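One structure is given here, and the rest of the page talks about it.
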Amino acid sequence: MKNPKYIFVVGGVMSSVGKGVTNSSIGLLLQARGYKVTAVKADAYINVDAGTMNPTEHGEVFVTEDGDETDQDIGNYERFLDENIYSVNYMTTGRVYLDVINRERNLEYKGKCVEVVPHIPENIIKRIKDAQKKSQADIVVIEIGGTVGEYQNILFLEAARMMKIKHPNDVAFVLVSFLPVPSTVGEMKTKPTQHAVRLLNETGIQPDFIVCRAESVLDKKRRHKLALFCSVPGDHVIPAPDVTHIYAVPAILEKEQLSSKLLQVLKLRPKKVTLSKNRFLQMNKLVQTIQTVKKTVTIGIVGKYFNTGDFVLADSYLSVIEALKHAAWHQRHQVKLIWIDSEEYEKDKRRLSELKKTDGVLIPGGFGKRGVAGKIMAIEYVREHQIPYFGLCYGMQLAAVEIARHLAKLPGANTVEIEEHPEHPIIFVNPHQQKNIAQKHYGGTMRLGAYDCKLVNNTKARKAYGKQLIKERHRHRYEFNNAYLAPLAKAGLIVSGINPQQNLVEIMELKNHPWFVGTQFHPEFLSRPLNPHPLFIGFLKAAIKHKN
Ligand code: GLN
């Protein structure tokens with residue numbers, strides 16, 4: 001398209017109102033109108049990427065195909081748009097400043113005085129345009145992290161304002177706001193949203209739409225009030241009540257014909273889309289199916305990010321949870337999750353028997369020493385009790401350690417991540433990584449992004465994928481030590497996937513067990529609601545079989 005279009009999604013009143021899902025849903029709706037869409041996230045923090053942050057602080061670190069460690073919302077974009085989102089689509093304040101300062105050091109500003117304004121917003125605009133160019137998108141939906149009125153995201157808003165001034169017909173603004181219903185009053189209040197619009201106006205931006213997140217549907221009276229006080233047409237005030245599944249959000253927004261109205265603002269017409277390509281309709285079909293599914297399957301997730309409540313948990317393991325749901329729905333089941341803090345097993349071994357209540361156990365990625373002993377105890381238990389097991393990254397590495405210690409009779413087996421010089425370094429670190437660790441080069445230096453994997457015939461993995469060559473996304477520093485291949489194979493370990501370029505073990509499984517599979521990569525990043533991941537389907541099938 002000659003003039004690509006840009007839609008900025010900003011948040012009002014408070015965080016966690018669903019900007020990411022709104023941004024993703026708008027993207028999906030516009031795809032269904034025949035446009036090529038990509039999504040961008042601008043995060044306000046100084047960290048150059050999300051890789052150096054604890055998931056309990058910031059949520060999951062989502063890894064892109066090209067190896068960027070990004071915000072969990074990028075995962076939502078991929079799941080909704082069914083498109084890969086690349087590193088150019090992600091920025092943080094830190095990344096923008098680092099780039100501007102490096103350019104200044106390289107004399108790229110040709111002797112000019114480099115200033116916060118306009119140079120920082122200009123760099124932001126360049127990034128948004130680069131994302132458009134890379135994907136050749138007709139429309140870019142851009143989510144600005146944080147809430148209006150914060151000091152933190154002001155330069156992103158300034159960039160958006162500058163784009164609107166330059167391309168008035170090509171830029172639209174959506175404010176996602178929250179309307180509380182205080183229990184003492186019992187009615188929905190619009191005032192915080194009115195204030196949010198005022199704050200946005202102060203930055204020189206007038207929203208074209210207000211998406212009203214609330215427990216329930218915003219009524220007519222309040223809709224008119226918001227329209228009048230916020231200078232937005234009444235039919236651009238969009239009610240967005242809570243829903244049970246995020247995948248139902250596009251339908252909620254489309255009830256108000258949001259996509260047609262957005263196209264009108266951007267001076268575009270809808271295009272014809274064949275039924276088979278209309279992902280909005282397919283998503284609605286999925287949502288309907290989900291509602292009719294009654295059977296349940298119980299999966300225990302054994303991890304350690306458990307100190308801050310359920311909410312944080314769900315965020316720390318977002319893609320894993322989504323991947324489990326996608327696969328369970330595919331098998332016409334609802335997945336029930338049990339969160340298990342592995343440290344509890346270290347305190348009381350008897351608690352392990354609770355794993356019998358699960359139909360399958362998953363150990364997701366992780367770092368460091370805390371909780372590792374308990375995880376290994378859980379792995380031993382499910383291995384012995386023939387409970388389906390799925391280990392992701394650390395979950396694979398610790399399974400290898402468990403097998404080495406208890407089946408290959410190498411009690412001194414360990415990962416060098418937690419013991420510098422174990423007798424048997426089953427999981428070790430290659431020389432190139434050793435240098436990073438010694439020099440404390442931690443940011444963005446893990447094995448990151450998509451790598452090839454060749455599957456071995458007659459294995460569970462090969463059967464699940466139904467093909468031999470795959471590509472999966474990685475995020476780890478340590479690897480399986482091939483020096484231990486022979487003794488572990490003798491003990492029943494099967495290597496079912498190898499990276500052909502570097503001869504690295506990527507998938508392993510165990511003989512004589514219904515489903516004991518570990519992956520060095522993170523399959524959860526590739527699962528999409530309309531296209532669940534084959535290994536998650538395999539795991540869920542095994543769990544359902546175990547249940548019955
Ligand atoms: N801590 C392990 C490593 O760095 C596993 C990482 C992960 O699970 N993502 O290799």
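Data for the structure
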| item | result |
| --- | --- |
| Residue in the range 195-208 that is modelled with pLDDT under 95 and of a type in the set (Lys, Arg) present | no |
| Filtered residues of the range 522-538 (kept if of a type in the set (A, V, I, L, M) and within 16 Å of the ligand (Cβ to nearest atom)) | LEU526, LEU535 |
| Unique match (being under 27 Å from GLU69 (Cα atoms), part of a loop (DSSP other than H, G, I, E, B) and within 16 Å of the ligand (Cβ to nearest atom)) among LYS435, LYS440 | LYS440 |
| Residue check, ALA323 buried (at least 23 other Cβ atoms within 10 Å of the Cβ), out of contact with any Ser or Thr (no Cβ under 8 Å at 6 or more places or on another chain) and not hydroxyl-bearing (Ser, Thr, Tyr) | no |
| Residue that is nearest to the ligand (Cβ to nearest atom), among those in the range 509-521 that are surrounded by fewer than 23 Cβ atoms within 10 Å (Cβ to Cβ) and either in a loop (DSSP other than H, G, I, E, B) or among the aromatic types (Phe, Trp, Tyr) (or both) | HIS513 |
| Residue, nearest to the ligand (Cβ to nearest atom), within the range 406-424, restricted to residues that are surrounded by fewer than 20 Cβ atoms within 10 Å (Cβ to Cβ) and not in a loop (DSSP other than H, G, I, E, B) | HIS424 |
| Within the range 350-363, tally of residues that are surrounded by fewer than 24 Cβ atoms within 10 Å (Cβ to Cβ) and either farther than 22 Å from GLU322 by Cα or within 16 Å of the ligand (Cβ to nearest atom) (or both) | 6 |
| Residues that are closer than 13 Å to LEU81 by Cβ and among the aromatic types (Phe, Trp, Tyr), drawn from the range 1-60 | TYR35 |
| Search result, residues across the range 467-492 that are closer than 18 Å to PHE521 by Cα and more than 16 Å from the ligand (Cβ to nearest atom) | LYS467, GLN468, LEU469, ILE470, LYS471 |
| Strands (runs of 3 or more DSSP E) wholly inside the range 1-94 that include at least 3 residues being crowded, with 24+ Cβ neighbours inside 10 Å | 5-11, 37-43 |
| Single residue of ALA450, ALA461 found to be surrounded by 14 or more Cβ atoms within 10 Å (Cβ to Cβ) and farther than 17 Å from MET396 by Cβ | ALA450 |
| 1 or more residues aliphatic (A, V, I, L, M) and touching a residue at least 40 places away in the same chain (Cβ under 8 Å): qualifying helices (runs of 4 or more DSSP H) within the range 164-283 | 191-202, 249-254, 258-265 |
| Leading residue by the ranking (farthest from ILE507 (Cα to Cα)) among those in the range 380-405 that are among the acidic types (Asp, Glu) and away from the ligand (no atom under 16 Å from the Cβ) | GLU384 |
| Extreme residue, farthest from the ligand (Cβ to nearest atom), among residues of the range 495-508 that are surrounded by fewer than 21 Cβ atoms within 10 Å (Cβ to Cβ) and farther than 20 Å from THR415 by Cβ | PRO500 |
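Yes/no per residue for (1) modelled with pLDDT under 95; (2) within 21 Å of LEU98 (Cβ to Cβ); (3) within 28 Å of the chain's Cα centre (by Cα); (4) among the basic types (Lys, Arg):
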| site | (1), (2), (3), (4) |
| --- | --- |
| LYS110 | yes, yes, no, yes |
| VAL114 | no, yes, no, no |
| PRO118 | no, yes, no, no |
| ILE125 | no, yes, yes, no |
| ILE128 | no, yes, yes, no |
| LYS134 | no, yes, yes, yes |
| ILE139 | no, no, yes, no |
| ILE142 | no, yes, yes, no |
| LEU157 | no, yes, yes, no |
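Condition check ((1) in contact (Cβ under 8 Å) with a residue 12 or more places away in the chain; (2) within 11 Å of the chain's Cα centre (by Cα); (3) farther than 20 Å from VAL9 by Cβ) across all residues:
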position	(1), (2), (3)
ALA42	yes, no, no
ALA50	yes, no, no
MET53	no, no, yes
THR56	yes, no, yes
THR70	yes, yes, no
TYR77	yes, yes, no
GLU83	yes, no, no
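The values are calculated or read from the model by the stated rules, or taken from the named source; none is laboratory data. Just so it is clear, the structure is predicted and the values come from calculations on it, not from any experiment. No Cβ is skipped: glycine too gets one built from the backbone with ideal geometry, and neighbour counts run over all protein chains shown.
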